[in-house]
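Beneath this line is the structure, given in structure tokens, with notes to follow.
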Amino acid sequence: MTVPAAGRGTTTVAPRAVRRIAERAAAEALPDGGSVIRGSAAVRGASARITVGVLLPYPVRADEAAQRIRERAETRTAALTGLSVPRAEVRVDALSAAAPPPVPEAEPGPPGGEGGSGPRIRAQRRVPATVLAAVGAAACGLLLVDVIAVRFGGAPAGWRTAVVDWAAAHGPADTAVRLAGVGAALVGAWLLGCALLPGLRRRLRMAAPAPEVRAALDRTAAARILREHALGVPGVVQARVSVRRRRARVRAGVGYGRPEEVRAEVVRVLGASLLELGLRRTPALRVRVRREPGWRTPEPEAAEVPTVAGRPAAAAPWPHDVDRDGAEDGPRNSGEA
């Protein structure tokens, strides 16, 4: 006996199942580093409408990636559910930068030497090269034009005749000739320095993970990083940092707490921060702290200092770094590493 189609029952796909199928289908078309954030689905009769929000890695062509995801979600959802999906909506809700690969730590070099490998980054010196090329090209062009004109029977240019006459009338003992020679020597020495010296003194070399990789960190950026870490130390209310190739100087203003303890914490924090910068040569750290004006050190409690008639006893003198009025001695407010 054959049962009519109307009496065989119906199959219903819940919107929740459609949503999960659409999310899984969209995940199959995501580029590396992307993920599905959330999705939604609405089922009406034999058709479904799906929406998927995704996170894409940066940089990526968002329009091309969204098109691939939409096509994949439409076809897979229609094939697995039996519903028609007239259109799928894909929203790019966020972009995320891919995490950089871990950089291996540079092996420590010999004491006093530099670790790492790879040549030093050299300055390109575009401005000196452009100026020298322009001056040379202009001089050679003028001289070439004048020589060609003379070869074809023309008269020499007036500027060349004037230069020859002036050079014939002035000898090496003339002051103008000496000044011109000194100027030419200085310009030549400057050009030799541009050609031989690497330059980029404002940048600190970083430890290279491979011989073909060269990296540098600007000294201003390094100083800002150290300053932010120094201001994060409890008790430090002001900090000035200068970083050079061999030394990092820190001047910290202490607003509360004992200067010796604050200085020790600053040395510990900044010592770890210098290592985190990944420099080829770690600069020597020099820290100096001082008490900021307007801040006072809390006086010791009465139970800790014996008193006689309301005054400190002779057997219990005041601490060596605090006066009777609570102000610290000047020479003991600073230290140097």
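How big is the accessible area of residue 35 in square angstrom, nearest 10, if you roll a 1.4 angstrom probe over the protein chains?
Number for this one is 50 Å².
How high is the relative contact order of the stretch 16-84? Use alpha-carbon pairs under 8 Å, at least six apart in sequence, and give a whole percent. Working shown, then result.
Numbers: 96 pairs, mean separation 27.1, N = 69.
The normalised contact order for the stretch 16-84 reaches 39 percent.
At 1.4 Å probe size, with the rest of the protein present, what percent of the exposed accessible area of the stretch 156-195 is carbon and sulfur atoms?
75
Top to bottom by accessible area (1.4 Å), largest first, where do 273, 96 land?
Values: 273 5, 96 35 Å².
The ranking, largest first, comes out as 96, 273.
For the stretch 151-264, what is the accessible area per residue in Å² when the probe is 1.4 Å? The partial results should precede the final answer.
Working: 7580 Å² over 114 residues.
Per residue, the stretch 151-264 has an accessible area of 66 Å².
With all protein chains present, calculate the accessible area of residue 166 using a 1.4 Å probe and round the result to the nearest 10 Å².
Number for this one is 120 Å².
Determine the share of the stretch 48-89's accessible area contributed by carbon and sulfur atoms, expressed in whole percent, with a 1.4 angstrom probe. Display every interim value, and only then the final one.
Working: 1100 of 2330 Å².
Of the solvent-accessible surface of the stretch 48-89, carbon and sulfur hold 47 percent.
The values are calculated or read from the model by the stated rules, or taken from the named source; none is laboratory data. The structure presented is a predicted model; accordingly, all values stated were derived computationally and were not measured. Please note that ligands, DNA and RNA were not included when accessible areas were found on the heavy atoms of the full protein model with its side chains. Shrake-Rupley method; radii C 1.70, N 1.55, O 1.52, S 1.80 Å.
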